[in-house]
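Below you'll find the structure, written out as structure tokens, and then a few comments.
The values are calculated or read from the model by the stated rules, or taken from the named source; none is laboratory data. These numbers were taken from a predicted model, which means no experiment stands behind them. Every residue, glycine among them, receives a Cβ derived from its backbone with ideal geometry; neighbour counts consider all protein chains shown.
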Amino acid sequence: MNRAENSPDRPLDVWFVCNAWTGGGAERVASTIVQHLDRDIVQPSVCLLRNDMSYPLPEDVEVHHLDYRGLPTFFSTARRLRRLVNDRRPDVVVSTVNANALLTGAALKRSTHSPPWIARIGSSPRHHDRGLRGISARSLYRNADRFIANSERLTSDVASIYPFTSGRVSTIRNACDFEVIDHLAKSPTDLRPPDGPLLAAVGRLVAVKRYDMMLEALAIVRRNIPASLWVCGEGPARKDLERQTGRLRLGDAVRWMGFTDNPYAVIRSADLYVLTSDYEGSPNSLIEAQSLGLAAVSTRCDYGPDEIISDGVSGLLTPPGNANEFAKAVVALLSDGKKRAAYGLRAKEAVRHKFALKPIIDKWHAVLQALSGSETRSGTPDGNSGMG
């Protein structure tokens with residue numbers, strides 16, 4: 001059933017499938033979207049793979065716990081979601097990130113109720129969908145009615161890798177609530193910045209973020225400038241990075257702060273934001289740092305940084321994997337306070353315009369309304385609409 005066939009005056013019943021309601025950038029984006037959707041248009045619900053919640057959740061949002069416990073429970077979790085969909089009959093289902101798209105697709109493929117499915121893509125299939133996962137994605141993604149990528153280049157990449165998405169993939173940038181970020185950045189803190197310049201980074205401690213290169217670059221920077229680095233984030237690479245910190249004799253120059261509820265207080269204290277990833281989707285932490293008026297140095301990696309930083313205007317972009325070039329850019333901005341301040345002001349203005357909350361939420365309204373008004377999928381045995 002769909003809205004057009006039943007009660008056109010009621011808000012759309014839209015389910016967002018999320019890994020959890022805490023932690024990473026994708027979850028933060030989902031939280032922002034759910035909070036700000038117009039309840040006259042959309043009544044959101046959330047389906048959580050893991051019962052892990054720390055982000056705010058409006059009281060009117062129903063939560064369905066799917067009890068996912070790793071790959072061995074993939075099919076049982078998909079069956080659980082399928083039963084919920086058949087029983088509750090939502091108008092639209094949104095998988096919020098690549099990591100839960102296949103489970104959502106598997107659940108909907110055999111469901112008796114077939115709501116339109118939006119697959120939000122937050123990182124490139126070129127890096128994420130490999131081997132058996134890639135084979136499964138090519139099969140299940142054919143059932144998706146719409147694909148939403150969070151950067152222009154990622155949109156192009158999805159269309160290139162999965163040609164059957166033609167006409168169904170578009171860009172909606174990450175939703176950022178700058179009022180909340182401003183409030184948190186002004187919160188009282190007992191943090192005491194070091195005497196010299198401070199670099200800040202936020203993100204999971206995983207290989208793709210290349211914190212190993214960040215440490216190498218910091219060691220080079222410190223030959224000229226007594227800079228320090230504070231990193232907000234946790235992850236499996238932490239012990240290796242701590243050992244590397246020791247090998248490079250960085251000592252107290254690096255502070256591993258772990259997962260931080262309010263990283264904006266750290267960003268506020270910094271002189272420069274740094275990002276060294278080999279690839280991204282559209283890094284929220286970089287958007288948020290720039291929104292607070294912080295100049296940045298980032299790798300020009302796939303995807304996102306070159307759509308956030310205007311090179312030589314609001315920050316500097318360097319080749320991925322090159323610690324020397326990265327260090328050179330950091331030294332250039334730390335050595336020129338006037339230029340760094342000008343970059344920060346331009347960054348704040350540009351990011352707050354490009355990632356303004358209302359236009360992004362309005363795009364979600366438009367996509368959800370357009371899908372709900374279309375015919376439900378039918379006509380092929382596996383539920384395909386015949387598109388692509």
Look at V331 and say whether it is assigned to a strand (DSSP E or B), surrounded by 16 or more Cβ atoms within 10 Å (Cβ to Cβ), on the phi < 0 side of the Ramachandran plot and of a type in the set (V, I, T).
no
Specify which of the listed residues (E307, E280) is surrounded by fewer than 23 Cβ atoms within 10 Å (Cβ to Cβ), within 24 Å of T155 (Cβ to Cβ) and under 16 Å from the mean Cα position of the chain (by Cα).
E307
The condition of being touching a strand residue (DSSP E or B) at 6+ places or on another chain (Cβ under 9 Å), assigned to a helix (DSSP H, G or I), closer than 27 Å to P263 by Cβ and not polar (S, T, N, Q) holds, among V46, V34, V63, V17, only for V34
Among the residues of the range 115-124, are any charged (D, E, K, R), farther than 20 Å from D302 by Cα and surrounded by 21 or more Cβ atoms within 10 Å (Cβ to Cβ)?
no
Could you give every pair whose Cβ atoms fall below 7 Å, whose first residue belongs to the range 202-231 and is in the same structural domain as V254 (by TED's automatic domain parsing), and whose second residue is assigned to a helix (DSSP H, G or I) and basic (K, R), counting only separations of at least 6 or pairs across chains?
G203/K209; L205/R238
For residues that are in a loop (DSSP other than H, G, I, E, B), under 27 Å from V221 (Cβ atoms) and in contact with a helix residue (DSSP H, G or I) (Cβ under 7 Å, 6 or more places away or on another chain), tally how many sit in the range 179-197.
4
Within the range 96-103, can one find any residue that is in the same structural domain as S170 (by TED's automatic domain parsing), crowded, with 18+ Cβ neighbours inside 10 Å and β-branched (V, I, T)?
yes
Have a look at T112, T77 and point out the one that is in contact (Cβ under 8 Å) with a residue 12 or more places away in the chain, surrounded by fewer than 24 Cβ atoms within 10 Å (Cβ to Cβ) and outside any helix (DSSP H, G or I).
T112
